[in-house]
Amino acid sequence: MTIKNKKQETRNSINWFLLLRLAVIALFIVVLSRTDLDELWGRLKQVDGRFILMAMLFQVLMLLFKGLRWWLLNENVWNKQIVFQRYGECLEAYAVGVITPGRVGELLKAGHASGRTQVISKGLLIISERGLDLSIFFFIAGISPLLGYLGKVSPGIGGIMLLISITGILLSFLILTLPRIVILVEKLLKKIRIIKGDQSLTLVPRKKNTLFSFGALSLLSNACAFLSFYFIALSVALSLDFLTISGGVAYAGVINTIPVTIMGLGTRDVTLLYIFSEISSSQILAFSGMILLVSQIGGGLLSVFLGQFFLWKSKTILRSL
């Protein structure tokens, strides 16, 4: 092997993704080293518990709406066993999504389906609902600077975010309504031999009221999420208006979709510190830390326990039939 080939092999073997993750961690350590840790600890000790309770309440409502949406996308028939099953699938996947980079763990919902074609069909539903959720974050990230709420973000960036949001919303609904998309995916999977030639993906015809309910539940669940973030901000005495807080968190949420860190550790902190640079870093880190504790860890733990309980209830009802 020549020296040139060895250099090429070394260059190809570099794990750029790992380097990116290490860079984020290093940046977070630098930021933390320049922060008054005594002040940060003092702010965390002064957290207002009343606002935390309100934040948790909206976390619960958010999970309620997400579970209802997942049931709606799969069945539109009210059956106790199926309702428990869908809520269990949704909450279990949400908990796993919290601890996986880019929330890819939410694909776990598809794992409860039987057969490869059913798993892929469920995967398309997850892409649709996850795409709509992310599009709403892009929308808030876009509209905030356009209305003059985030001085650190230019209106041009806001316009790009808004355009991405509209595109994402359209694609999310098209996946649920256009048979051509499912057929196209099916042909592609057959070509690369992921599914067999005699197998077909499931396409469920959906009425207009089902699609409207899907959109409404997505708006409600995300509104609850942003209200939860707002009350977390109030708990650390971060007295900014709702759209400013929501815009900052939306940008952090968009950045967190890049699978670099778990639970947004580092990326969320750095993003919020940049957007709210006029506020003391200790207060912003306290806000980010409470998002981690309440929304990520608290919401994740609640989801995993409720998810397993609902799945157990579903199996219990099924055995008694």
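Among the conditions (1) surrounded by fewer than 17 Cβ atoms within 10 Å (Cβ to Cβ); (2) in contact with a Phe, Trp or Tyr (Cβ under 6 Å, 6 or more places away or on another chain), the only one that MET54 does not satisfy is (1). Scanning the range 179-200 for residues that are part of a loop (DSSP other than H, G, I, E, B), at negative phi and of a type in the set (Lys, Arg) returns a single hit, LYS196. Residues in the range 135-150 that are touching a residue at least 12 places away in the same chain (Cβ under 8 Å) and either β-branched (Val, Ile, Thr) or out of contact with any helix residue (DSSP H, G or I) (no Cβ under 6 Å at 6 or more places or on another chain) (or both): ILE136, ILE140, ILE143, LEU147. If you go through the range 274-293 and keep only what is buried (at least 19 other Cβ atoms within 10 Å of the Cβ) and aliphatic (A, V, I, L, M), you end up with ILE275, ILE284, LEU285, ALA286, MET290, ILE291. Mind listing whichever residues of the range 74-92 are more than 19 Å from GLY105 (Cα to Cα), part of a helix (DSSP H, G or I) and touching a Ser or Thr at 6+ places or on another chain (Cβ under 8 Å)? Of everything in the range 74-92, those that are more than 19 Å from GLY105 (Cα to Cα), part of a helix (DSSP H, G or I) and touching a Ser or Thr at 6+ places or on another chain (Cβ under 8 Å) turn out to be GLN81, ILE82, PHE84.
Select from the range 70-126 the residues that are small (Gly, Ala, Ser) and either within 19 Å of the chain's Cα centre (by Cα) or at negative phi (or both) and list them in ascending order. Once the filter is applied, which keeps residues that are small (Gly, Ala, Ser) and either within 19 Å of the chain's Cα centre (by Cα) or at negative phi (or both), the range 70-126 yields GLY88, ALA93, ALA95, GLY97, GLY102, GLY105, ALA110, GLY111, ALA113, SER114, SER121, GLY123.
Each row is one residue, and each column tells you yes or no for (1) under 19 Å from VAL185 (Cβ atoms); (2) crowded, with 19+ Cβ neighbours inside 10 Å; (3) among the hydroxyl-bearing types (Ser, Thr, Tyr).
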residue	(1), (2), (3)
TRP78	no, no, no
VAL83	no, yes, no
CYS90	no, yes, no
VAL98	no, yes, no
LYS109	yes, yes, no
ILE136	no, yes, no
TYR149	no, yes, yes
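One residue stands out in the range 294-308 among those that are touching a Leu at 6+ places or on another chain (Cβ under 9 Å) and hydrophobic (A, V, I, L, M, F, W, C): the one that is surrounded by the most Cβ atoms within 10 Å (Cβ to Cβ), namely LEU306.
One residue stands out among those in the range 151-170 that are touching a helix residue (DSSP H, G or I) at 6+ places or on another chain (Cβ under 6 Å) and part of a helix (DSSP H, G or I): the one that is surrounded by the most Cβ atoms within 10 Å (Cβ to Cβ), which is MET161. Annotation note: Cβ proximity below 7 Å between a residue of the range 62-84 that is without any contact (Cβ under 8 Å) to a residue 24 or more places away in the chain and a residue that is among the aliphatic types (A, V, I, L, M) and assigned to a helix (DSSP H, G or I) (sequence gap 6+ or interchain) occurs for TRP71/VAL83; GLU75/ILE82. Against the definition (farther than 25 Å from GLY49 by Cβ, surrounded by 20 or more Cβ atoms within 10 Å (Cβ to Cβ) and not small (Gly, Ala, Ser)), how does THR257 come out, yes or no? No; evaluated as a whole, the condition is false for this residue.
Values in this text are rule-based calculations from the coordinates and carry no lab data. Note that the structure is predicted; figures quoted are calculated from it, not measured. Glycine also receives a Cβ, built like all others from the backbone with ideal geometry; neighbour counts cover every protein chain displayed.
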